[in-house]
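**Q** Take this structure, written in structure tokens, and hold onto it; I'll ask about it next.
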Amino acid sequence: MANDLTRRGTLAALAGGAALAIAPRAAQALTEAQARDLVQSLVDDINAVIASGKPEAAMYRDFERIFATYADVPTVALYTLGVDGRAATDAQKRAYIEAFRGYIARKYGARFRDFIGGRLEIEGVRRIKTYYQVRTTAYLRGEDPFFVDFHVSDRSGEPRFFNMFIEGVNMLLTEREEIGAMLDRRGRDLDRLIADLRTMG
């Protein structure tokens with residue numbers, strides 16, 4: 001069950017595009033095995049990209065694909081906008097989701113070249129209300145082991161992770177604060193933010 005990962009920044013990378021502090025709808029069809037398998041496949045895919053030796057631009061495309069495959073991207077992206085997301089038009093929402101997905105892939109993918117070897121082990125899965133928590137332990141070189149919890153639901157119609165906690169810290173809240181600050185600097189102009197996110201990260 002062990003997988004090669006690297007320093008704590010790797011795990012923050014996952015959380016930057018995938019943590020969400022909202023209650024999903026009931027995961028009636030989702031099973032414990034499906035939740036475990038989703039997280040295992042996610043980690044396997046990220047490790048494969050890190051070890052691929054591809055140029056950075058190609059790696060970023062792979063990370064964006066991984067985010068789109070394993071995360072509930074629309075829910076995660078719109079959550080980072082807060083009230084601005086609720087006020088956005090449908091066209092703005094679609095454009096923001098697309099821009100956010102690429103922004104996250106570039107922002108955190110740029111750190112992967114600096115990672116050292118490590119491993120992430122799945123410890124167990126338990127149901128929490130309407131979703132499953134997949135608990136893992138990260139063993140990174142030079143650091144004490146720590147917990148990383150993925151929250152998985154099928155609210156989108158398929159198993160996806162919608163939240164991630166690293167040592168109890170919800171990483172998306174930080175991303176939401178950063179997006180909010182970006183909007184403030186742009187006079188709450190969502191179209192300007194969307195345009196800028198397409199090249200940021």
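**Q** Out of all the residues in the range 148-157, which are open to solvent by 10 Å² or more (accessible area, probe 1.4 Å) and closer than 17 Å to R127 by Cα? It would help to see each step written out before you state the result.
**A** Applying the first criterion (open to solvent by 10 Å² or more (accessible area, probe 1.4 Å)) to the range 148-157 yields 149, 151, 154-157.
Matches in the range 148-157: D149, H151, D154, R155.
**Q** Next up: From the set of residues in the range 29-63 that are open to solvent by 50 Å² or more (accessible area, probe 1.4 Å) and in contact with a Lys or Arg (Cβ under 8 Å, 6 or more places away or on another chain), which is nearest to T130 (Cα to Cα)?
**A** E32
**Q** Out of the range 95-121, which residues are modelled with pLDDT of 90 or more and either in contact with a Pro (Cβ under 9 Å, 6 or more places away or on another chain) or of a type in the set (V, I, T) (or both)?
**A** If the condition is that a residue be modelled with pLDDT of 90 or more and either in contact with a Pro (Cβ under 9 Å, 6 or more places away or on another chain) or of a type in the set (V, I, T) (or both), then I97 is the only one that fits.
**Q** Go through the range 64-109 and count every residue that is surrounded by fewer than 21 Cβ atoms within 10 Å (Cβ to Cβ) and over 15 Å from the mean Cα position of the chain (by Cα).
**A** So the answer is 14.
The values are calculated or read from the model by the stated rules, or taken from the named source; none is laboratory data. Source: prediction; values computed, not measured. So basically every Cβ, Gly included, is an ideal-geometry build from the backbone, and we count neighbours across all protein chains shown. Just the protein is used for accessible areas: all its heavy atoms, side chains included, with ligands, DNA and RNA removed. Shrake-Rupley method; radii C 1.70, N 1.55, O 1.52, S 1.80 Å.
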